[in-house]
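Here the structure comes first, spelled out in C-alpha cells, and everything after it is commentary.
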Amino acid sequence: MNVYAIFADHVREAIAALVEEGAVPAGLDVSRVVVEPPRDQSHGDLATNAAMVLAKEARMKPRDLAERIAGKLAATPHVAKVDVAGPGFINLSLDAAFWPKVLSFALMAGLDFGRSGLGAEEAVNVEYVSANPTGPMHVGHCRGAVFGDALARLLAFAGFSVTKEYYINDAGAQVDVLARSAFLRYREALGEEIGAIPDGLYPGDYLVPVGRALVAAHGPALKAMEEGEWLPLVKGFTIDAMMAAIRDDLDALGIDFDVFFSERSLVSAAADKVGTTIEALRTSGEVYEGRLPPPKGAPIEDWEDREQTLFRSTDFGDDVDRPLKKSDGSYTYFAGDIAYHKDKVERGFLKMIDVWGADHGGYVKRMQAAVKAVSAGKATLHVELIQLVRLFRNGEPVRMSKRAGSFVTLRDVVDEVGRDAVRFMMLFRKNDAPLDFDLAKVLEQSRENPVFYVQYAHARAKSILRNAFEAFPKLPEEPAAYADARLDRLDDEGELGLLKRLASWPRVVEQAAAACEPHRIAFYLHDVASDFHAQWNRGKDLPYLRFIMENDEELTMARLALVQGVAAVLASGLKVLGVDAVDEMK
C-alpha cells in the first residue's frame, strides 16, 4: 500500500475528469506527475507537481490549472484539505481516519509490507566485490561487498529477479605473480631460508599456509620441476585456496553469490571467447585496425605510434577509441571485460549493475559503450562507484594488518566489531562519498551510534510487547491480530507522526531501488527509530501516553498495533540491509 502511488492515481483521475469536461485538452503527458511529501510538513501530508509540469502543454497558467485540479481532489475520500501554494503547487492534508488504514494494511502484510512490484521480475545482474584472488580482502572491498549485497537485496524486495555475481580475476600477470609468491612460501615450508620477500612478489603471511598445503599435497616434487611445469599447478592450487579464504570472509559478512564467474573461462584453449567477441565486433563494424593520437600532455618519447586493434567506443559516447590488444598480441583488460559482459547478455541480462572502486571511474564510459555494442543497444550497464574507507580507533588511524602486510583486512574488522555494525555503518553514508569508520564508536551503546540506535528500537518494541503480554495474558501475539484494533484512538501527535513515517516505507523502498541507493534504507530506519524512541520518552514523562495502559485494554491494543508496525518495518528494513533485528540488547 503505497500512499503516494495511490494519490498519484487520484491526481491522474482528477486530470482525466477535467479532460472529459473539456476543461483541459486531451492527450496530456502525465508521466512526470508525482506525489511526494511536501518540503515543509506544515503544508500538509502530500504535494503534487501536476499543474507545474502540465501547464505549458495544457496552455494554461500553472496556478489556474492547479485550482481546477484542486477542486477535483477536494472530493477524494480522506482528503481533508487542499491548498494551492506559490505558482501552482498543490498540497493535500488527509483526515485522521486514513493513517490507521495504512497501519492495518501493514499489520496484515507483516514483513512483506513495502515489498514492491516495481521491477516486474525483470532480470538484473549485480556484480560486486570481484576482488583479485591475490590476497585477503581489505576494508575497501568490505564496503563494496556490503553495498552490492544490500543493493541486490533491495532490488529483489522491489520486485526484480536478481542474480548476484562475483567475477574471479584468475587470468593474467597478477596470478602468475601470486603463484611465484606461493612457490616461495612452498620452499620456505620445505625448510629453505628464503630471506626477505623480493620486490614484485606478494608479501604478508597469508600465503604461509598455502605453502604448507602445497608441501602436504606434493611433497618436494615441485622443487625439482622447471617453472613451466610447476607454475600452472601452483597457480590453480593457490587461486583455489585464496578463493576459499575469500568465500569464508564473505560468509562472515553474511554475503553469498549465485554465480562465481572465472576469467580463465574466457581465454581457455578450448574456447577463446575474447577473440570470438573481437571478431564479431569487427564484422559489425565496431572494431578496426588503426592508430590513436598521443594522449594529451604525454611526453612524445612515452608514446608508441603503431597500428593496433581498436574498438569504436567514440560511436557510443566515449572520449576516444580503445585498444583491444597489446603490442605483444595479448588482450587488454578491456577486451576481456567486453567478452565478459557479452556473456552476461547471452545469459539473458539486459540490465546490469557493476559495483567498482572509485579508482575505476574513468573506465565507466568505455564499458557502457561496449555493452551497447555487444547487445545491439538492447542492454544497459549501470555502474556504482565506491569511495574509500578510512579506519580509526578512538579517532586515531588504524595500522595495517600484520597478516596482510600492507592493509587492514575485512576479516580483522568483522572479527573486532561484528557483522551488523560493519554492514550498517558501511551503508550509513552514500557510496560515492568517503567513509570514516571508527572501530570504537560503532560499539558504543548510545544515540550517536546509528546501528545500536536502530537495533535498540526493535529490541525496545519487542520488550514493550513482552511486558504487555504479562499485563494482559490474553493478548494475541500475531501482528495481524491487531489489524482490527480501535486504531482511531491513535490521535496523539506523536502517534500520528509514527503512523505517517511507517506509511512512507513503500515509497522509500521504490525510490531507493530506482536510484540504486541502499543508504536511503539506513537513513529511513534511523528516522523510524528516532520517532519511536521519542514517543517512548514522551510516555515516560506523560503517563497517559504510555504504550501499555493497564486500565484501558482497548487503547493498549491500539498502541501495541503501532508497536507491532514499528517492529515489522524495522525488521523488514534491517533484513534488506543484511542486519539482524535483535529482540534483546546484550
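The values are calculated or read from the model by the stated rules, or taken from the named source; none is laboratory data. Computed from a predicted model, the values in this text were never measured in an experiment. Using ideal geometry, Cβ is built from the backbone for each residue, glycine included, and neighbour counts are taken over all protein chains shown.
Is it the case that some residue within segment 504-520 is in contact (Cβ under 8 Å) with a residue 24 or more places away in the chain, surrounded by 24 or more Cβ atoms within 10 Å (Cβ to Cβ) and assigned to a loop (DSSP other than H, G, I, E, B)?
yes
Name the residue that is farthest from residue 151 (Cα to Cα), counting only residues in segment 542-586 that are out of contact with any helix residue (DSSP H, G or I) (no Cβ under 6 Å at 6 or more places or on another chain) and of a type in the set (S, T, N, Q).
Per the criteria, the residue is 551.
Quick check on residue 537: is it at pLDDT below 95, over 26 Å from residue 256 (Cβ atoms) and more than 22 Å from the chain's Cα centre (by Cα)?
On the way: at pLDDT below 95: no; over 26 Å from residue 256 (Cβ atoms): yes; more than 22 Å from the chain's Cα centre (by Cα): yes.
No; evaluated as a whole, the condition is false for this residue.
Yes or no: segment 266-274 includes at least one residue that is out of contact with any Lys or Arg (no Cβ under 7 Å at 6 or more places or on another chain), modelled with pLDDT under 95, among the β-branched types (Val, Ile, Thr) and closer than 20 Å to residue 345 by Cα.
yes
Out of segment 123-172, which residues are in contact with a Lys or Arg (Cβ under 6 Å, 6 or more places away or on another chain) and modelled with pLDDT under 95?
170, 171
Looking at (1) surrounded by fewer than 17 Cβ atoms within 10 Å (Cβ to Cβ); (2) in contact (Cβ under 8 Å) with a residue 40 or more places away in the chain; (3) not charged (D, E, K, R), can you tell me which one residue 551 breaks?
Failing condition for residue 551: (2).
Is it true that residue 288 is in contact with a Leu (Cβ under 7 Å, 6 or more places away or on another chain), surrounded by 11 or more Cβ atoms within 10 Å (Cβ to Cβ) and in a loop (DSSP other than H, G, I, E, B)? Reasoning before the result, please.
Numbers: in contact with a Leu (Cβ under 7 Å, 6 or more places away or on another chain): yes; surrounded by 11 or more Cβ atoms within 10 Å (Cβ to Cβ): yes; in a loop (DSSP other than H, G, I, E, B): no.
Considered against the rule, which asks whether it is in contact with a Leu (Cβ under 7 Å, 6 or more places away or on another chain), surrounded by 11 or more Cβ atoms within 10 Å (Cβ to Cβ) and in a loop (DSSP other than H, G, I, E, B), residue 288 comes out as no.
Among the residues of segment 166-174, is any under 17 Å from the mean Cα position of the chain (by Cα), over 30 Å from residue 566 (Cβ atoms) and part of a strand (DSSP E or B)?
Here is the first cut: in segment 166-174, the residues under 17 Å from the mean Cα position of the chain (by Cα) are 166.
The next check asks that each one be over 30 Å from residue 566 (Cβ atoms); those that pass are 166.
In the following step, the residues that additionally are part of a strand (DSSP E or B) were identified as 166.
Within segment 166-174, one or more residues are under 17 Å from the mean Cα position of the chain (by Cα), over 30 Å from residue 566 (Cβ atoms) and part of a strand (DSSP E or B).
If I ask for residues that are in contact with a strand residue (DSSP E or B) (Cβ under 6 Å, 6 or more places away or on another chain) and assigned to a loop (DSSP other than H, G, I, E, B), which ones from segment 404-460 would you list?
Result: 407, 408, 429, 431, 432, 439, 440.
Of all residues in segment 500-534, how many are more than 15 Å from the chain's Cα centre (by Cα) and among the charged types (D, E, K, R)?
Qualifying residue count, segment 500-534: 5.
Can we say residue 399 is free of Cβ contacts under 8 Å to residues at least 40 places away in the same chain, surrounded by fewer than 20 Cβ atoms within 10 Å (Cβ to Cβ) and not assigned by TED's automatic domain parsing to the domain that holds residue 37?
Working: free of Cβ contacts under 8 Å to residues at least 40 places away in the same chain: yes; surrounded by fewer than 20 Cβ atoms within 10 Å (Cβ to Cβ): yes; not assigned by TED's automatic domain parsing to the domain that holds residue 37: yes.
Spelling it out, residue 399 is indeed free of Cβ contacts under 8 Å to residues at least 40 places away in the same chain, surrounded by fewer than 20 Cβ atoms within 10 Å (Cβ to Cβ) and not assigned by TED's automatic domain parsing to the domain that holds residue 37.
Pick out the one residue from 546, 486 that is without any contact (Cβ under 8 Å) to a residue 40 or more places away in the chain and out of contact with any Cys (no Cβ under 7 Å at 6 or more places or on another chain). Step through it out loud before you land on a result.
Details: 486 fails: without any contact (Cβ under 8 Å) to a residue 40 or more places away in the chain.
Testing whether each residue is without any contact (Cβ under 8 Å) to a residue 40 or more places away in the chain and out of contact with any Cys (no Cβ under 7 Å at 6 or more places or on another chain) leaves just 546.
Within segment 83-91, is even one residue over 30 Å from residue 482 (Cβ atoms), at pLDDT below 95 and surrounded by fewer than 14 Cβ atoms within 10 Å (Cβ to Cβ)?
Yes, because at least one residue in segment 83-91 is over 30 Å from residue 482 (Cβ atoms), at pLDDT below 95 and surrounded by fewer than 14 Cβ atoms within 10 Å (Cβ to Cβ).
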